[in-house]
Amino acid sequence: MALIVADNINKDYRIGEITISALNGLSFEIEPASFVSFVGPSGSGKTTLLNLVGCLDKPSSGTLRVADTDVVGMDRKESAAFRGRHLGFIFQDFNLLPVLTVYENIEYPLLMVQNIPLAERKGRIERLLSAVGMADQKDKYPDQISGGQKQRVAIARALVTNPELVLADEPTANLDSQTAYAVINLMKRMRDQLSTTFIFSTHDQKIVGEAEVIFHLEDGRLANRETKGGAIHG
């Protein structure tokens, strides 16, 4: 069963008297444990689409199912609960809380969203700290670690709730090439170990080159779907 099913998704914004169409008739499916990139020029609708899949916004029309749930019909409280159960987010500027340590930043979603007991929290956090190579940095604060280390912490924080889906908006934009490849390899390893689906909105050819499925967006439309075996136009 597909993890995400979008059918004829449209998203319009009104600015004064003007209506802007950000997405136009998008239909696609994404399978579990996928490594997917949405690519296209600025203004093509990548971030808008990520916000819809992430239940941060609603389409103007069309149907969207994520983890076998109709996410279009949910209210704000239901959307927040759904995100806490099923989704993780990685941002290009990391979005770590400066007053919390590395350990506490990773722990934060477990306290605020899932209310996981202490012993289980500790086990999850320590496993992920080890997996992302940050166990020896767990007591440092974000301003005491490098950009690449911050992104590793952000990945651990996104995965600590055991999400089915992680959404990443330009996650390597602020990283040098060597660190970016290390972060990409880390995410692929996490996908292989945990069967987590990763979806990227990105311009970064390093991520695009590693993606197994690539959706090309142009002017809010799906121009084609490309797999490692070739392109499927639609």
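Throughout, read-outs are computed from the coordinates displayed, never taken from laboratory work. Bear in mind that the values here come from a model prediction, so they are computed numbers and not experimental data. Cβ: placed from backbone, ideal geometry, glycine included. Neighbour counts: every protein chain shown.
Which of the peptides 1-8, 116-123 is most tightly packed, and how do the rest follow, judged by the mean count of other Cβ atoms within 10 Å per residue?
The packing order, highest mean first, is 1-8, 116-123.
Hey, could you pull the Cα Rg and Dmax for the range 4-233, both in Å?
17.7, 55
Separation between the N115 and S21 pseudo-spin-labels, each 7 Å from Cα along Cα→Cβ, expressed in nm?
Going by the 7 Å Cα→Cβ label model, 4.5 nm.
Taking the chain as the reference, fit the longest principal axis to its C-alpha atoms, fit the long axis of helix 118-131 to the helix C-alpha atoms, and give the angle between the two in degrees, 0 to 90, nearest 10.
80 degrees
What is the extension gain from E31 to H203, computed as 0.36 nm multiplied by their sequence separation minus the C-alpha to C-alpha distance, in nm to one decimal?
This chain segment gains 59.7 nm when fully extended.
Using a Förster radius of 22 Å, what is the FRET efficiency between S195 and T227 based on their Cβ-Cβ separation? Nearest 0.05, please.
Efficiency, rounded to the nearest 0.05: 0.70.
The range 85-184: percent of C-alpha pairs farther apart than 23 Å?
Everything past 23 Å amounts to 17 percent.
If r is the Cβ-Cβ distance from M74 to D143 and R0 is 35 Å, what FRET efficiency results, to the nearest 0.05?
Efficiency at R0 = 35 Å is approximately 0.45.
Check cross-link reach from K122 to the lysines: straight Cα distance under 16 Å, and skip same-chain residues fewer than eight apart.
Partners found: K138.
Leaving out same-chain residues fewer than 8 places away, which lysines sit with a Cα under 20 Å from that of K46?
Hits, sequence-local ones excluded: K11, K58, K206.
What value, in deg cm²/dmol to 500, does the helix sum -39500 (n - 2.57) over DSSP H runs of n ≥ 4 give at 222 nm once divided by the residues of the chain?
Mean residue ellipticity at 222 nm (helix-derived): -10000 deg cm²/dmol.
Using the alpha-carbon atoms, what tilt in degrees (0 to 90, nearest 10) does helix 177-194 show relative to the longest principal axis of the chain?
On a 0 to 90 degree scale, this one is about 90.
For S60 and L100, calculate 0.36 nm times their separation in residues minus their Cα-Cα distance, and state this gained length in nm to one decimal.
10.6 nm is the gain from fully extending S60 to L100.
Plugging the Kirkwood radius over Cα pairs into Stokes-Einstein for the range 1-82, at a temperature of 20 °C and a viscosity of 1.002 mPa s, what D comes out in µm²/s?
Roughly 160 µm²/s, to the nearest whole number.
Working from Cα positions, state the angle (0 to 90°, nearest 10) between the long axis of helix 147-159 and the longest principal axis of the chain.
The two axes meet at around 80 degrees.
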